[in-house]
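Visitor: Before I ask anything, let me first share the structure, which is written out below as structure tokens.
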Amino acid sequence: MNETKTFSLDYEDNLDIAWCPGCGNFGILNLLKKTLEEIENLNPENFVLVSGIGQAAKIPHYFKTNFFNGLHGRALPAATAIKATRPDLTVIAESGEGDMYGEGGNHFIHTIRRNINITNIVHDNMIYGLTKGQASPTTQTGMTTPVQVNGVILKPFNPIAVAIATGATFVARGSVTDPKTTTEIIKEAIKHPGYALVDIYQPCVTFNKINTFKWFKDHTYKLDEKYDYTNKEEAIKLALKEDEFPLGIIYKNTERKPFDEQLSIYKNTKEPLYKRQRNLKRIEEFINSKK
Ligand SMILES: Cc1ncc(C[n+]2csc(CCOP(=O)(O)OP(=O)(O)O)c2C)c(N)n1
Ligand code: SF4
């Protein structure tokens, strides 16, 4: 293994981690570190973690690597910009489901449409944890919260079905109740040449007393090895099931080219923009041509 790797819990002893004991975020943090350590040729130097705002969005603070904290819901546009200027970097956009599907819902759809070559990890605890337990887009119908005192009246947002229907090229679900499967999924998602969604179930032990660790264990199952994730119709059918939820790669398609491969700026050379020589004469000519 490469000596320069430092995706370890190096900072943990010195930091007061702001998550409740037992929070599912710890499980995702630990498995992500382990997963990144195991990926060949991946180092903190060629990796960026991008998040928004929330409990899940604090994940880069406990991680020794490059990171960028966007505004609430803005992890994906920031990740897109990084990837467009530095296609040589491995980029993970990671946040809570409120951040990605609520405040960032519009970006979720359009990042999928563009097929940006990033991995989008969503910590799905079915609640707004940071702001003390209001309903999030994936909160179940009927659940009472300090704001939805008569129970949530909306049907939950289905990220898996929306992602497949919008043209996502890699759609998967993990859960902290099954770290092994989730680790395998993340490795495949990072390798995937295009946008990869990994929605990960995690309990919020403080504000969501319904979707507990046991609930996620009881309502999920691992997809059979024979399952054909290239069959879009079957994947949609599976995504629409609302009683139990499959863990694994639900849909994958490698036919669509990722966004940065289609940008004309990278047509003749893959060299990232920051390394290229500025041609001041050509810039001047361009400006003059617009006068
Ligand atoms: C534009 C904007 N709206 C609302 C907020 C308040 N806010 C901060 S975090 C958050 C919810 C985060 O929930 P989620 O993304 O599910 O993450 P969790 O805290 O559960 O990990 C909200 C509503 C904000 N910071 N900015
Ligand atoms: S409130 Fe919920 S999401 Fe936030 S740290 Fe505590 S358990 Fe985790």
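The values are calculated or read from the model by the stated rules, or taken from the named source; none is laboratory data. Everything quoted here is computed from the prediction, not taken from an experiment. Positions of Cβ are backbone-derived with ideal geometry, glycine not excepted, and every protein chain shown enters the neighbour counts. The protein model used for the area step is the full one, side chains on, heavy atoms only, and it has no ligands, DNA or RNA in it. Shrake-Rupley method; radii C 1.70, N 1.55, O 1.52, S 1.80 Å.
Visitor: Got a sec to turn the phi values of segment 77-90 into Karplus ³J(HN,Hα) couplings, 6.51 cos²θ - 1.76 cosθ + 1.60 with θ = phi - 60°, whole Hz, x for Gly and Pro?
Guide: x, 5, 5, 4, 5, 4, 5, 5, 8, 10, x, 6, 8, 8
Visitor: While we're on this one: Treating the beta-carbon of each Lys and Arg as +1 and of each Asp and Glu as -1, no other charges, what is the dipole magnitude of the chain about its Cα centre, to the nearest 20 debye? Don't skip to the end; give the middle numbers.
Guide: Details: 36 positive and 34 negative charges, 232 e Å.
Computed about the Cα centre, the dipole is about 1120 debye.
Visitor: Filter the trypsin sites (Lys or Arg not before Pro) in segment 162-258 to those in DSSP coil with at most 12 other Cβ atoms within 10 Å of their Cβ, and list the result.
Guide: Values: sites: Arg173, Lys180, Lys187, Lys191, Lys209, Lys214, Lys217, Lys222, Lys226, Lys232, Lys237, Lys241, Lys252, Arg256; in loops: Lys209, Lys226, Lys241, Arg256.
Taking segment 162-258 and a limit of 12 other Cβ atoms within 10 Å, the loop trypsin sites (Lys or Arg not before Pro) found are Lys226, Lys241.
Visitor: Could you work out how far helix 24-38 tilts from the main Cα principal axis of the chain, as a 0 to 90 degree angle to the nearest 10?
Guide: Compared with the principal axis, the helix lies near 40 degrees.
Visitor: Return a whole-number percent for the relative contact order of segment 108-248, with Cα pairs under 8 Å and 6 or more residues apart as the contact set. Before the final figure, lay out the partial values.
Guide: Details: 238 pairs, mean separation 39.1, N = 141.
In percent, rounded to a whole number, it is 28.
Visitor: Need the list of lysines near Lys237 for cross-linking: C-alpha distance under 19 angstrom, and skip anything on the same chain fewer than eight residues off.
Guide: Those lysines meeting the cut-off are Lys155, Lys222, Lys226, Lys252.
Visitor: Please give the helix 105-114 orientation as an angle from the longest Cα principal axis of the chain, in degrees from 0 to 90, rounded to the nearest 10.
Guide: Relative to the chain, helix 105-114 is tipped by roughly 50 degrees.
Visitor: What size of dipole, in debye to the nearest 20, comes out for segment 194-274 about its Cα centre when the only charges are +1 on Lys and Arg C-beta atoms and -1 on Asp and Glu C-beta atoms? Display every interim value, and only then the final one.
Guide: Working: 13 positive and 14 negative charges, 35 e Å.
Using only the charged Cβ atoms, the result is roughly 180 debye.
Visitor: Hey, what's the chain come to in accessible area per residue, 1.4 Å probe, Å²? Could the numbers behind the result be given before it?
Guide: On the way: 14830 Å² over 291 residues.
Each residue of the chain exposes 51 Å² on average to a 1.4 Å probe.
Visitor: Output ³J(HN,Hα) for segment 56-71: one whole-Hz value per residue in order, computed from phi by the Karplus curve 6.51 cos²θ - 1.76 cosθ + 1.60 with θ = phi - 60°, and x for Gly and Pro.
Guide: Rounded to whole hertz, the list is 4, 5, 7, 3, x, 5, 9, 9, 8, 6, 6, 8, 9, 9, x, 6.
Visitor: Grab the Cα-Cα distance for Arg256 and Leu273, subtract it from 0.36 nm times how many residues apart they are, and report the gain in nm with one decimal. Show your work: numbers first, answer last.
Guide: Values: separation 17, 0.36 × 17 = 6.12 nm, distance 2.37 nm.
Separation in residues times 0.36 nm, less the Cα-Cα distance, equals 3.8 nm.
Visitor: What residues of segment 108-125 lie in the reach of a label at Lys155, counting those whose backbone N is under 20 Å from a point 7 Å from the Cα along Cα→Cβ?
Guide: Only 109 pass the distance filter.
Visitor: What are the ³J(HN,Hα) values, in whole Hz, obtained from phi via the Karplus relation 6.51 cos²θ - 1.76 cosθ + 1.60 with θ = phi - 60°, for each residue of segment 127-144 in sequence order, with x given for Gly and Pro?
Guide: 6, 7, x, 4, 9, 6, x, 6, 5, 9, x, 9, 4, 6, 4, x, 5, 8
Visitor: Positive end of the charge dipole of the chain (Lys, Arg +1 and Asp, Glu -1 on Cβ, about the Cα centre): tell me which of Leu223, Cys20, His123 has its Cα farthest that way.
Guide: With unit charges placed on the Cβ atoms, the residue in question is His123.
Visitor: What order do you get for 89-96, 71-78 when each peptide is scored by the mean count of other beta carbon atoms within 10 Å, highest first?
Guide: Working: 89-96: 26.9, 71-78: 21.9.
Top of the packing list down: 89-96, 71-78.
Visitor: Still on this model: Return a whole-number percent for the relative contact order of the chain, with Cα pairs under 8 Å and 6 or more residues apart as the contact set. Write down the numbers at each step before the final one.
Guide: Details: 568 pairs, mean separation 48.5, N = 291.
Computed over the chain, the figure is 17 percent.
Visitor: While we're looking at this one, here's another question. If one takes the longest principal axis of the Cα atoms in the chain, at what angle in degrees, from 0 to 90 and to the nearest 10, does the Cα axis of helix 280-289 lie?
Guide: Tilt of helix 280-289: around 90 degrees.
Visitor: Would you mind checking which residues have amide H under 5 Å from Phe245's amide H? H placed 1.01 Å from N; only 5 or more apart, or other chain.
Guide: Those lying under 5 Å, H to H, from Phe245 are Thr220, Tyr221.
Visitor: Of the trypsin sites (Lys or Arg not before Pro) in segment 108-143, which ones lie in a loop per DSSP and count no more than 14 other C-beta atoms within 10 Å? Could the numbers behind the result be given before it?
Guide: Numbers: sites: Arg113, Arg114, Lys132; in loops: Lys132.
Passing sites in segment 108-143 are Lys132.
Visitor: Further question: Amide H neighbours of Met143 under 5 Å, counting only residues 5+ apart in sequence or on other chains, H built in-plane at 1.01 Å?
Guide: The list, which skips near neighbours in sequence, is Val152.
Visitor: Quick query: amide H of Cys204 versus all other amide H atoms, modeled in the peptide plane; which residues come in under 5 Å with a sequence gap of 5 or more or a different chain?
Guide: For Cys204, no residues qualify.
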